[in-house]
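Working notes, beginning with the structure itself.
The values are calculated or read from the model by the stated rules, or taken from the named source; none is laboratory data. In this text, all values refer to a predicted model and were calculated from it rather than measured experimentally. Methodologically, a virtual Cβ is constructed for each residue, glycine included, from the backbone with ideal geometry; neighbour enumeration extends over all protein chains shown. Just the protein is used for accessible areas: all its heavy atoms, side chains included, with ligands, DNA and RNA removed. Shrake-Rupley method; radii C 1.70, N 1.55, O 1.52, S 1.80 Å.
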Amino acid sequence: MPRTAHFPEVRRGDAATVLVSPWLVPAAALQRAAADSVLAEREHQKRPDAMLALTTS
């Protein structure tokens, strides 16, 4: 059975805007590495005050 993505609750009252950005990678085996690199890069940057969450799947 294929894995399903689990997304954060986007209908929460304190979220005025939800941004979704699909990334296409050349092979399924590269998906985790791509997601981990996004999170690692953001980890060293100051999060904007209005940013409530950053999620990868």
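One line per residue, one yes/no per condition, for (1) outside any loop (DSSP other than H, G, I, E, B); (2) surrounded by 10 or more Cβ atoms within 10 Å (Cβ to Cβ); (3) not charged (D, E, K, R):
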{"position": "Phe7", "(1), (2), (3)": "no, yes, yes"}
{"position": "Ala16", "(1), (2), (3)": "no, no, yes"}
{"position": "Arg32", "(1), (2), (3)": "yes, yes, no"}
{"position": "Leu39", "(1), (2), (3)": "yes, yes, yes"}
{"position": "Arg42", "(1), (2), (3)": "yes, yes, no"}
{"position": "Gln45", "(1), (2), (3)": "no, no, yes"}
{"position": "Pro48", "(1), (2), (3)": "no, no, yes"}
Please enumerate the residues belonging to segment 15-27 that are modelled with pLDDT of 90 or more and over 15 Å from the mean Cα position of the chain (by Cα).
-> Pro26, Ala27
Determine the pairs where a residue that is touching a residue at least 24 places away in the same chain (Cβ under 8 Å), located within segment 42-57, has a partner that is surrounded by fewer than 11 Cβ atoms within 10 Å (Cβ to Cβ) and of a type in the set (D, E, K, R) with Cβ atoms under 7 Å apart, the partner being 6 or more residues away or on another chain.
-> Leu52/Asp14
Residue pairs qualifying under the 9 Å Cβ cut-off, at least six apart or on distinct chains, with the first in segment 8-21 being within 11 Å of Thr55 (Cα to Cα) and the second being in a loop (DSSP other than H, G, I, E, B) and open to solvent by 90 Å² or more (accessible area, probe 1.4 Å), are Val20/Phe7
